[in-house]
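Okay, structure first, notes after.
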Ligand code: GLN
Ligand code: ZN
């Protein structure tokens with residue numbers, strides 16, 4: 001038997017995105033949107049069935065996000081959205097997702113350690129639940145009507161509650177709602193059973209994170225209660241992204257009939273753990289052996305040996321993806337421009353589906369029955385292992401020669417800061433920005449025109465140069481101390497570098513959903529990384545020519561370069577990160593040589609790719625901070641290294657920031673009222689800090705008194721000699737008018753405090 005947890009929703013040409021955005025604009029009717037959606041579901045199921053998948057998932061389709069769909073399924077509609085939902089279910093749904101003039105949307109955050117974002121359920125002590133199985137039942141019926149074996153997929157009660165957040169201003173534990181939510185799940189399961197579901201899948205990925213004893217007890221009682229229902233479908237509880245650990249025996253002992261378990265990446269540890277769980281013997285075991293979140297060809301012999309072990313532990317073993325295929329693009333074959341040598345190493349959703357079917361044939365019919373597939377797989381794996389792309393001797397030799405001194409600056413922070421002060425002569429509370437200035441329509445149009453051949457490189461450069469001059473003129477006039485060029489030449493902070501580094505490839509059609517109708521095409525880090533030529537020096541030097549004040553060099557750090565790419569899986573991430581760091585180190589040195597006195601290396605994703613399990617975090621942070629130092633330690637004492645990170649909860653990586661040894665760190669802080677400054681102050685953080693005083697997530701302009709009061713708070717924790725004044729993050733998503741006013745107020749506030 002074969003199955004998958006879910007499939008990409010967008011369609012081969014992002015038809016869903018176009019239909020939904022058309023609906024928002026009023027050019028596509030609700031009926032036409034529904035029609036497109038139904039058509040896409042049908043063709044996805046047909047594709048899966050034609051490929052040989054025995055049981056297709058249903059209910060994984062979404063107009064926006066499947067966590068939001070679960071909130072609707074459970075009737076967990078926040079009070080502020082109820083009127084919109086009652087007026088029109090579809091418009092109300094989009095109001096929850098995107099907000100309207102009158103009401104704010106639900107908060108959005110990252111789905112575990114992936115780059116998919118979900119809408120956070122907003123629950124309070126007064127939340128009432130009420131089953132609305134319409135969507136789930138309808139989609140199940142559609143699949144059954146095609147004559148397919150189908151299994152509805154829903155988010156399970158424990159994960160749903162653990163992902164939820166108390167409504168603003170309420171101190172309350174969402175998991176306490178479990179007794180109230182279980183009867184609603186029971187009703188939904190009943191509805192699905194009545195509609196013909198033999199099995200229902202409940203996703204519980206939250207159980208792969210460290211869970212308290214109380215949370216595990218709640219899991220026991222939840223599945224005890226759902227398992228005890230009469231006249232229900234059989235239950236398959238799915239987990240993915242990491243090992244189940246203590247939750248494995250809890251689920252195995254529960255009365256559910258099946259478990260879907262991830263055996264890839266860090267979750268491979270489930271294989272050993274399962275041997276200690278005899279209850280698995282009589283359950284349906286859906287084995288996630290094909291990685292659902294990377295883009296690499298499966299190592300079929302390795303998967304077959306995992307499956308052989310599992311066949312010894314359970315009577316009913318099925319082959320599946322490790323998680324929903326939502327996280328990978330649809331079809332490698334669509335990317336006809338890819339180097340054929342590289343494309344044979346890749347597997348997107350369609351290729352992964354074929355691998356699943358092949359593996360299942362291999363365990364029923366024996367390896368002889370898949371001899372041809374195994375031969376193709378062997379040849380592709382061998383080509384990848386031996387390719388010049390994945391084995392650049394110069395890069396390998398250089399990484400092997402890295403010494404501890406390479407990732408340590410020669411001078412102490414005290415010596416450095418004295419030398420830098422002498423060189424830069426900055427005032428107290430220096431003002432700066434995080435890097436990007438508004439990406440105007442003009443810039444975007446110029447980029448599109450260049451791609452389409454409507455303008456040539458020289459004309460494009462003219463637009464970029466003019467923008468840089470304008471950005472600098474504004475900053476000088478506003479009175480900022482350390483200037484930036486504004487990043488107008490960058491489409492994206494990772495892609496811009498990936499396009500210039502050897503070892504990365506770009507896809508034309510490799511779209512994956514980031515959130516709602518936003519799809520991204522992450523670059524694919526396939527091979528050994530090197531930098532053929534300097535990447536940022538030209539525009540930096542152009543910018544510095546326009547002004548006497550220091551212009552910051554601006555780079556994306558190695559951890560972030562990996563976090564927002566599809567990264568090769570044939571060597572440890574730390575090794576790949578070291579290669580990227582060495583390429584960036586050369587860029588840092590070249591910037592210094594060109595005259596840059598301040599260089600910023602952004603690591604906004606350091607917190608994001610923190611491993612899900614506490615036990616794995618120290619090792620990750622150790623290499624994650626080491627590669628930052630490797631990137632930045634090639635410069636003189638009087639060259640000032642900045643870093644930037646943006647997220648609110650910061651406690652987890654306070655020590656990591658210290659390990660990075662940057663001279664100055666700008667951090668998101670405006671929304672949390674400088675809490676970061678407090679935490680850093682208490683921890684005795686010894687270097688420069690710029691806790692953000694301007695929340696760039698909203699068009700709101702902070703007034704001078706507001707910035708003054710935030711800076712006073714900052715000064716309570718950080719001495720004036722080390723406090724910087726800057727926004728929370730880059731300004732690329734903002735408009736010029738609000739940016740102008742906000743930065744002027746920010747400078748005015750710094751001056752006011754200096755005068756005190
Ligand atoms: N330098 C980048 C910018 O200003 C940083 C972006 C980020 O932190 N996400 O756009
Ligand atoms: Zn940021």
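Please treat every number below as a calculation from the coordinates, not as lab data. All values reported here derive from a predicted model rather than from experimental measurement. Neighbour counts are summed over all protein chains in view; Cβ atoms, including those assigned to glycine, are modelled from backbone coordinates with ideal geometry.
The table below gives the values:
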quantity: Segment 1-74 - convex hull of alpha carbons, volume per residue in Å³; calculated: 90 Å³
quantity: Rg over Rh, two decimals, segment 89-168 (C-alpha only, Kirkwood Rh); calculated: 1.02
quantity: Alpha-carbon centroids, segment 232-247 and segment 285-310: separation in whole Å; calculated: 17 Å
quantity: Likely footprinting exposure, 661, 132, 214, fewest C-beta neighbours within 10 Å first; calculated: 214, 132, 661
quantity: nm² value of the averaged projected area, convex hull over the Cα atoms of segment 607-712; calculated: 7.9 nm²
quantity: Of every Cα-Cα pair in the chain, the percent that sits beyond 33 Å; calculated: 54 percent
quantity: Spatial extent of segment 510-591: Rg and Dmax, with the Cα atoms as the point set, Å; calculated: 15.8, 47
quantity: Per-selection Rg to Rh, segment 56-214 - Cα, Kirkwood hydrodynamic radius; calculated: 0.96
quantity: Rounded tilt (10° steps) of 457-478 against the dominant C-alpha axis of the chain; calculated: 60 degrees
quantity: Helix 617-632 axis, angle to the chain major axis (alpha carbon atoms, nearest 10°); calculated: 30 degrees
quantity: Counting DSSP beta bridges with both ends in the chain, the antiparallel % (nearest 5); calculated: 15 percent
quantity: Per-residue Cβ neighbour rank within 10 angstrom, fewest leading, 642, 117; calculated: 117, 642
quantity: Exposure proxy order (Cβ contacts within 10 Å, fewest to most) of 698, 565, 324; calculated: 698, 565, 324
quantity: log₁₀ of I(q)/I(0) at q = 0.24 Å⁻¹ - segment 154-251, Debye sum with one point per alpha carbon; calculated: -1.33
quantity: Mean projected area in nm² (Cα convex hull; one quarter of hull surface) for segment 481-534; calculated: 5.7 nm²
quantity: Kirkwood Rh and Cα Rg combined as Rg over Rh, evaluated for segment 425-539; calculated: 1.02
quantity: Potential extension, residue 110-residue 145 segment - 0.36 nm per residue separation minus Cα distance; calculated: 9.1 nm
quantity: Mean shadow area of segment 212-336 over all directions, Cα convex hull, nm²; calculated: 8.8 nm²
quantity: Contact order relative to length of the chain, as percent, for alpha carbon pairs under 8 angstrom and 6 or more apart; calculated: 11 percent
quantity: Nearest 10 degrees, 0 to 90: helix 573-594 Cα axis against the chain principal axis; calculated: 20 degrees
quantity: Computed [θ] at 222 nm, deg cm²/dmol, the chain (DSSP H ≥ 4; -39,500 (n - 2.57); rounded to nearest 500); calculated: -13500 deg cm²/dmol
